[in-house]
C-alpha cells in the first residue's frame, strides 16, 4: 500500500476550494479527495487555478494549496476556466518545472515517492510535459503519474496513445469506462467520494421554515449547470405536468449563467409557468415568503449548507441528467437525506425504488408518475433512509482502502 511518510500526493486540477475555482463537480471531488488524503496522514498538495487575489500558497484543512497562473487569472477574473486556452498552454510550460524542483529532486534525495493525480483534459499537455522532463533528468522512477477523466469534455483534443503511454488512466464510473473503450484505452474505475461535510444534517427548524416559505403541495429542487444534458427541460415540463394534475407544485432552481438558461425561461413562459429570480441573503429561507411564482431561481452563490437544506426539505431533487459521468449531485442528495431522482448513465450507485427514483426515459410524465407511486405506497422515507446508507459507502474515508490499493498497484507498474 502507499506508505505514510514516504509517499507524497500532488493533485492537479483547474478547480479547487476558492469560490473562483468552484465551477462544477470537479471542485467537490478534488477538495474532498485532498482532505481525505491529508486526514489519512499523507503529505498532500493541491495545485489549481485559484483566486488571483489570494496567497499563492497556503495550508487549508491540512492540504498545501498552490494557486497556479495567478497573473493570467487577474486578466480573466470570472472563474477558473476564464481564459482557458491561455491557461492550458501556460500550465504546460510552467508547472512541470515546479514539480521537478519542489517534489522530484527532493524525492530522489530523500528516497520518497510522489504520486501525481491530474484531472480532466486541460491538464493533459502538462502531465505529458512533466513525464518528458522527469525522464530527461533521470527522475521518472520517483513518481507515479495518473490522469483521471471526470467527464468526456475535450476528449477530441487528447492524444490518447501518448497519454496512456505516460500515465495510468482512471475514471469515475463504469459508464465513463465504456465511453473511453472505443478510444483505445481501458481506465480503472475509482468512484467519486463525499467529504464528511456532505452528511451534515440541516436544522429541522430551518427545514420547516423553508417548507412554510414555499407553501406548496410538491416542492421540487434542481441544481446544476444550464446544459441540455442536465435535462432542465424535462424538469420544467414535469413541473407543468404536476400542475396540470391539480397539484400546487413549485421548483427551486440553482443553475448557472449559461445562455441556455434564457431558453428555459422562455419554455416556462410558454407552459404558463411563472419564473422569478432571487438572491440568497441573510434572511434565507424566510426571504422566500410571499413569492407565488412556480419557479424560484437562485442567481447568486448558495453556500453548501443551504444546498443541503434544499436537498433534505424538497419532496424530490431532480438530478435527472441524460448523460452523467458519475452523478455526484444525486449522491449528495442521498447524503443529505433527500429523495433523489437520477438518470441511468454514470450513477452506478442508484437502485430504482431502492435508494432513489431512476428516470429511464426523457418523458417528464415519468417523473410525476414515480413521485405519485412512491407517495401512494409510502416508500419515500424508506428510499431516503436507504439513500443515506448508500452515501455512507461513498465517504472518501470509506473509499480510501480501494484508492490506496490501486495507488500501490500503479506504483508497481511502469508509469
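The residues listed here are 107, 129; of these, the one that is in contact with a strand residue (DSSP E or B) (Cβ under 9 Å, 6 or more places away or on another chain), within 28 Å of residue 403 (Cβ to Cβ), surrounded by 18 or more Cβ atoms within 10 Å (Cβ to Cβ) and at pLDDT 95 or above is 107. Among the candidates 26, 65, the residue that is in contact (Cβ under 8 Å) with a residue 60 or more places away in the chain, under 19 Å from residue 126 (Cα atoms) and crowded, with 17+ Cβ neighbours inside 10 Å is uniquely 26.
Considering 88, 23, the condition of being modelled with pLDDT under 95 and not in a strand (DSSP E or B) is satisfied by 23 alone.
Go through the residues of the stretch 283-295 one by one and say whether even a single one is in a helix (DSSP H, G or I), touching a helix residue (DSSP H, G or I) at 6+ places or on another chain (Cβ under 7 Å) and outside the structural domain of residue 149 (by TED's automatic domain parsing). Yes, because at least one residue in the stretch 283-295 is in a helix (DSSP H, G or I), touching a helix residue (DSSP H, G or I) at 6+ places or on another chain (Cβ under 7 Å) and outside the structural domain of residue 149 (by TED's automatic domain parsing). For the stretch 361-375, the set of residues classified as out of contact with any helix residue (DSSP H, G or I) (no Cβ under 7 Å at 6 or more places or on another chain) and surrounded by fewer than 18 Cβ atoms within 10 Å (Cβ to Cβ) consists of 361, 363, 369, 372, 373, 375, listed by residue number. Number of residues in the stretch 247-260 that are closer than 12 Å to residue 277 by Cβ and surrounded by fewer than 19 Cβ atoms within 10 Å (Cβ to Cβ) equals 1. Please verify whether residue 265 is free of Cβ contacts under 8 Å to residues at least 40 places away in the same chain, in contact with a strand residue (DSSP E or B) (Cβ under 9 Å, 6 or more places away or on another chain) and part of a helix (DSSP H, G or I), treating the condition exactly as stated. Answer is yes for this residue. For the stretch 141-184, the tally of residues that are in a loop (DSSP other than H, G, I, E, B), without any contact (Cβ under 8 Å) to a residue 60 or more places away in the chain, in contact with a helix residue (DSSP H, G or I) (Cβ under 6 Å, 6 or more places away or on another chain) and more than 17 Å from residue 117 (Cβ to Cβ) stands at 2.
Might you check whether a residue that is in contact with a helix residue (DSSP H, G or I) (Cβ under 7 Å, 6 or more places away or on another chain) and surrounded by fewer than 17 Cβ atoms within 10 Å (Cβ to Cβ) occurs anywhere in the stretch 401-413? No; the residues of the stretch 401-413 include none that is in contact with a helix residue (DSSP H, G or I) (Cβ under 7 Å, 6 or more places away or on another chain) and surrounded by fewer than 17 Cβ atoms within 10 Å (Cβ to Cβ). Within the stretch 190-210, is there a residue that is farther than 30 Å from residue 297 by Cα and either outside any loop (DSSP other than H, G, I, E, B) or touching a helix residue (DSSP H, G or I) at 6+ places or on another chain (Cβ under 8 Å) (or both)? Yes, the conditions are met somewhere in the stretch 190-210. Of the residues that make up the stretch 348-360, is at least one part of a helix (DSSP H, G or I), more than 19 Å from residue 254 (Cβ to Cβ) and touching a residue at least 60 places away in the same chain (Cβ under 8 Å)? No.
The values are calculated or read from the model by the stated rules, or taken from the named source; none is laboratory data. Because the structure is predicted, anything quoted here is derived from the model rather than measured. We place every Cβ from the backbone using ideal geometry, glycine too, and count neighbours over all the protein chains shown.
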